[in-house]
Amino acid sequence: MKFVLASQNKHKLVEMQSILSAQGVEVVLESDIGLHVDVEETGETFAENAMIKARAVMEASGLPAIADDSGVCVDALNGAPGVYSARYGGPELDDVGRYRLLLENMRGARSRTAHFTSCIACVFPNGDAIEAEGICPGTIAFAPQGDGGFGYDPVFFLPELRKTYAQLTPEEKATVSHRGKALAVFDGKLREYLKGNG
Ligand code: IMP
C-alpha cells in the first residue's frame with residue numbers, strides 16, 4: 001500500500017519509512033510522484049496543520065496521505081517558536097540561522113526547558129482519518145553540539161542522555177524523539193485500521 005508523505009523533507013521520510021515498512025506500507029515523497037502541493041499552514045495547533053496538509057495531499061494525489069507537523073516549544077518564550085518553528089525569523093533564515101536566533105532569544109533566560117511535539121495525521125481517499133501525537137521533553141543547549149539530524153537538533157538537549165538530538169544515531173533518535181513516539185502510536189492505530197479495512 002502506497003502512502004504519500006505531505007512533505008519535501010527527506011529526514012521525515014526516512015524516519016517514517018523505517019517504522020512503517022514493517023506493515024508493508026511504502027511511503028513516498030510528494031516529489032516522487034511529481035506532486036508539489038503548496039499548503040498554507042493556517043492552523044493554530046500542530047494537529048490542525050497536520051490535518052490540513054494531509055487532506056490537501058490526499059485530494060491532489062487520490063492516495064492515502066500522511067503529514068507530520070512538528071516544532072519546538074520553549075517555556076521561557078511562551079511556547080515559541082511552536083507551530084512557527086519552520087518559519088522562525090522569516091524566510092531568509094536556514095536551519096542554522098533559526099537555531100542561532102533561538103539561542104540569541106534565550107540569552108539571559110532563567111529556564112531553558114522546552115519540548116518537541118509531533119502530530120501525525122493520515123487521511124484516506126474515503127475520508128477516514130487517523131491522528132497521533134508524540135512529545136519529547138528537553139532543554140535548549142547553550143551552544144550547538146553534534147552534526148546529525150536537521151533543524152533544531154544541535155540545540156535540543158536531552159538531560160537524561162546528556163546529548164543533543166544531533167549527537168544521537170538515527171536509531172537512538174527514533175527511540176526517544178517526538179516523531180518516534182508519534183510514529184509508534186500511529187503505527188499501532190494504522191495496524192488496527194488496516195485490519196478492519198485492508
Ligand atoms: P513542519 O515541516 O512544518 O512540521 O516544520 C517543522 C519544523 O520544526 C522543521 O522545519 C524544524 O525546524 C523543526 N523540527 C521538527 N522536527 C524536528 C526534529 O526532529 N529535529 C529538529 N527540528 C525539528
I'd like to verify something in the chain: which complete DSSP H helices, judged by Cα projection on the helix axis, reach 20 Å or more and average at least -1.0 on the Kyte-Doolittle scale? 46-61, 178-197
Per-pair calculated FRET efficiency, R0 = 22 Å: R87 and E48 via Cβ, rounded to 0.05: 0.90
Would you list H115, H178 from fewest to most Cβ contacts within 10 Å? H115, H178
Calculate I(q)/I(0) for the chain by the Debye formula, one identical point scatterer on each C-alpha and no solvent, and give its log10 at q = 0.12, 0.14, 0.17, 0.18 Å⁻¹ to two decimals. -0.58, -0.79, -1.12, -1.24
For the range 43-198, the count of lysine pairs 8 or more apart or interchain whose alpha-carbon atoms are under 28 Å apart comes to 10
Three principal axis lengths of the range 109-198 [C-alpha, angstrom, descending]: 48, 27, 20
Could you please rank R179, R87, placing first whichever residue has the fewest other Cβ atoms within 10 Å of its Cβ? R87, R179
Add -39500 (n - 2.57) for each DSSP H run of 4 or more in the chain, then divide by its residues: what number comes out at 222 nm, to the nearest 500 deg cm²/dmol? -10500 deg cm²/dmol
So what does the Cα-only Debye profile of the range 8-60 read at q = 0.13, 0.30 Å⁻¹, as log10 I(q)/I(0), no solvent term? -0.37, -1.17
Connecting every pair of Cα atoms under 10 Å apart in the chain and solving the GNM, the largest mean-square fluctuation among I66, I52, I19 falls on I19
Only sites in a loop by DSSP and with at most 13 other Cβ atoms within 10 Å count here; which trypsin sites (Lys or Arg not before Pro) in the range 94-135 make the cut? R107, R110
May I ask you to sort C119, C73 by Cβ crowding, counting other Cβ atoms within 10 Å and putting the fewest first? C73, C119
Specify the residue with the greatest mean-square fluctuation among F124, F157, F186, computed from a Gaussian network of the chain linking alpha-carbon atoms under 10 Å apart. F124
Give the Cα extents of the range 50-117 along the principal axes, in whole Å, largest first. 50, 24, 14
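The numbers here are math on the coordinates, done by the rules we state, and not lab data. Everything quoted here is computed from the prediction, not taken from an experiment. Positions of Cβ are generated from backbone atoms using ideal geometry, with glycine treated the same way; all protein chains shown enter the neighbour counts.
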